[in-house]
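Asker: Before we start, here is the structure in question, set down as structure tokens.
The values are calculated or read from the model by the stated rules, or taken from the named source; none is laboratory data. Only a predicted model underlies this, so the values are computations on that prediction, with no experimental measurement involved. Quick reminder, even Gly has a Cβ in these numbers, built from the backbone with ideal geometry, and neighbours come from all protein chains shown. Note: areas computed on protein heavy atoms with side chains; ligands, DNA, RNA excluded. Shrake-Rupley method; radii C 1.70, N 1.55, O 1.52, S 1.80 Å.
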Amino acid sequence: MTAIRGAAAAVTGAASGIGRALALQLAARGCDLALADRDDAGLATLAAEIARDYQQKVTVRRVDVGEAKEIEDFAQAAIADHPGLNIVINNAGVALMGQFDEIDQAQMDWLMNINFWGVVHGTRAFLPHLAARREAHIVNLSSIFGIIAPPGQTAYAAAKFAVRGFSEALRHELAMAASPVRLSVVHPGGVATNIARNSRTGSGMTDNARRAQSIERFDAVAQTTPKDAALRIIKGIEKNQPRILIGNDARFMDLVQRFRPATYWSVMARRIEKMTKAGK
């Protein structure tokens with residue numbers, strides 16, 4: 001079991017969405033925080049809110065997780081400010097809309113640098129310190145799209161499948177080495193954040209109506225709140241759960257994929273269409 005009270009956690013992508021909810025819920029449970037995001041204003045607002053309501057030590061740093069050097073600098077600063085740091089949550093992520101032939105290579109590289117390499121670099125930067133702790137935990141955010149792969153999500157699914165594979169292999173390595181570091185990989189379903197609204201659009205995607213429809217569909221199926229997602233992740237940390245599924249939709253999609261690994265999408269597409277119509 002990894003205790004939250006008395007711990008210190010580093011969280012990337014902390015200024016909004018699941019990352020922000022995690023910071024608030026961890027602080028409420030007596031955890032000090034090193035928070036990172038590209039959004040300086042969002043970080044400042046979050047830090048002020050935590051300072052108003054809790055007594056925990058909070059440090060913030062502007063970090064682009066797509067830049068390995070910035071992650072390394074964040075890790076060094078976080079460890080210096082919080083010598084007892086023993087939880088790392090690689091949460092930062094972005095989205096990219098468009099079919100494969102509508103996305104150029106530079107856009108795919110941009111997403112992979114943040115969603116996959118950001119997780120790898122964050123893990124590498126903190127792991128030596130974590131390995132010296134009595135108990136420690138790494139949480140890597142994948143997605144339900146690290147278990148299933150819908151059309152229009154070639155870049156995102158590729159990155160999230162990669163996060164899953166990297167995390168599972170590393171978890172097995174840590175167990176074989178009898179390391180004190182535990183590792184959880186998180187697969188959220190639809191969580192009500194702004195990730196779809198803030199997504200980039202493929203350079204070859206010129207249909208604004210299709211973008212609007214995609215956002216509308218996401219809003220209709222995103223039934224889990226960031227707070228509930230954060231609480232589920234914290235429970236997973238406390239219980240050292242290797243895989244954390246968030247939301248009934250994620251659990252449903254995981255089950256369908258197990259029973260119909262090559263033909264799951266027709267079932268899921270019908271369910272999503274039904275949920276979209278019900279949400280209007």
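Asker: Please sort by residue number the trypsin sites (Lys or Arg not before Pro) in segment 112-196 whose DSSP state is loop and whose Cβ has at most 11 other Cβ atoms within 10 Å.
Answerer: When the trypsin sites (Lys or Arg not before Pro) of segment 112-196 are filtered for loop state and at most 11 Cβ neighbours within 10 Å, Arg134 remain.
Asker: Per residue of segment 88-97, what does 6.51 cos²θ - 1.76 cosθ + 1.60 with θ = phi - 60° give for ³J(HN,Hα)? Whole Hz please, x for Gly and Pro, Karplus curve as stated.
Answerer: Coupling constants for segment 88-97: 10, 10, 8, 9, 4, x, 9, 10, 9, 8 Hz.
Asker: Moving on. Rounded to the nearest 500, what is the chain's calculated 222 nm mean residue ellipticity when only DSSP H runs of at least 4 contribute -39500 (n - 2.57) each, over all residues?
Answerer: -16500 deg cm²/dmol, from helical runs alone.
Asker: While we're looking at this one, here's another question. Points 7 angstrom from Cα along the Cβ direction at Gln213 and Arg243: gap in nanometres?
Answerer: Reported label-point gap for Gln213 and Arg243 is 3.3 nm.
Asker: Report, by chain and number, residues whose modeled amide H sits under 5 Å from the one on Leu245, excluding near sequence neighbours (fewer than 5 apart, same chain).
Answerer: His187
Asker: Next question, about the same structure. For the chain, what is the charge dipole size about the Cα centre, in debye to the nearest 20, if Lys and Arg each add +1 at the Cβ and Asp and Glu each add -1 at the Cβ?
Answerer: Values: 34 positive and 27 negative charges, 222 e Å.
Using Cβ point charges on Lys, Arg, Asp and Glu, the chain gives about 1060 debye.
Asker: Still on this structure, I have one more. Measure off, as a whole percent, the carbon and sulfur share of the 1.4 Å-probe accessible area of segment 183-280, all protein chains present.
Answerer: 51 percent
Asker: Something else: What translational diffusion coefficient, to the nearest whole µm²/s, does segment 144-268 have by Stokes-Einstein, given a Kirkwood radius computed over alpha-carbon pairs, a temperature of 4 °C and 1.567 mPa s viscosity?
Answerer: The estimated diffusion coefficient comes to 80 µm²/s.
Asker: Residue by residue through segment 178-194, which ³J(HN,Hα) values in whole Hz follow from phi under the Karplus form 6.51 cos²θ - 1.76 cosθ + 1.60 (θ = phi - 60°), with glycine and proline marked x?
Answerer: Those phi angles translate into 6, 6, x, 7, 9, 9, 10, 10, 10, 10, x, x, x, 10, 6, 10, 9 Hz.
Asker: Could you tell me the relative contact order of segment 1-102? Use alpha-carbon pairs under 8 Å, at least six residues apart, and round to a whole percent.
Answerer: The value is 33 percent.
Asker: If we sort 139-147, 102-110 on the protection proxy, mean other Cβ atoms within 10 Å, highest first, what's the order? Numbers along the way, then the final one.
Answerer: On the way: 139-147: 25.3, 102-110: 15.2.
Output ranking for 139-147, 102-110: 139-147, 102-110.
Asker: Just to confirm, what accessible area per residue do you get for segment 188-252 at 1.4 Å probe, in whole Å²?
Answerer: Here the residues of segment 188-252 average 51 Å² of exposed surface.
Asker: With angles folded into 0 to 90 degrees, how steeply does helix 226-238 sit against the dominant principal axis of the chain? Use alpha carbons for both and round to 10.
Answerer: Helix 226-238 sits roughly 50 degrees off the main axis of the chain.
Asker: Still on this structure, I have one more. Please report the relative contact order for the chain, taking Cα pairs under 8 Å with a sequence separation of at least 6, and give it as a percent rounded to a whole number.
Answerer: 20 percent
Asker: Right, next: Could you state the angle between the C-alpha long axis of helix 208-221 and the longest principal axis of the C-alpha atoms of the chain, as a value from 0 to 90 degrees rounded to the nearest 10?
Answerer: Taking Cα atoms only, the helix is inclined about 60 degrees.
Asker: Still on this structure: Express the Stokes-Einstein translational diffusion coefficient of the chain in µm² s⁻¹, to the nearest whole number, given a Kirkwood radius over alpha-carbon pairs, 10 °C and a viscosity of 1.306 mPa s.
Answerer: Working: Rh = 19.1 Å.
The calculation lands on 83 µm²/s.
Asker: I've got another one for you. Taking only protein heavy atoms and a 1.4 Å probe, what accessible area per residue, in Å², does segment 1-96 have with all protein chains in place?
Answerer: Heavy-atom SASA per residue in segment 1-96 reads 39 Å².
Asker: How high is the relative contact order of segment 119-223? Use alpha-carbon pairs under 8 Å, at least six apart in sequence, and give a whole percent. Show your work: numbers first, answer last.
Answerer: Details: 101 pairs, mean separation 30.9, N = 105.
For segment 119-223, the relative contact order is 29 percent.
Asker: Separate question: Apply the Karplus parameterisation 6.51 cos²θ - 1.76 cosθ + 1.60, with θ equal to phi minus 60°, to every residue of segment 128-143 and state each ³J(HN,Hα) to the nearest whole Hz, in sequence, with x for glycine and proline.
Answerer: x, 5, 4, 5, 8, 7, 5, 9, 7, 8, 10, 10, 10, 7, 9, 5
Asker: Additional query: Rounded to the nearest percent, how much of the accessible area of segment 88-182 (1.4 Å probe, protein heavy atoms only) is carbon and sulfur?
Answerer: Working: 2230 of 3850 Å².
Exposed carbon and sulfur together represent 58 percent of the surface.
Asker: A follow-up question, please. Once you have a ≥ b ≥ c as the square roots of the Cα gyration tensor eigenvalues for segment 19-81, tell me rounded if a/c is under 1.5, and otherwise prolate or oblate according to whether a/b is larger than b/c.
Answerer: Prolate, because a/c is 1.5 or more and a/b exceeds b/c.
Asker: Same structure again: Relative to the longest principal axis of the C-alpha atoms of the chain, give the angle of the C-alpha long axis of helix 248-259, reported between 0 and 90° and rounded to the nearest 10°.
Answerer: For 248-259 against the chain, the angle is about 70 degrees.
Asker: When the Kirkwood radius is taken over all Cα pairs of segment 102-161, what Stokes-Einstein diffusion coefficient follows at 37 °C and 0.692 mPa s, in µm²/s?
Answerer: It diffuses with D of about 254 µm²/s by this estimate.
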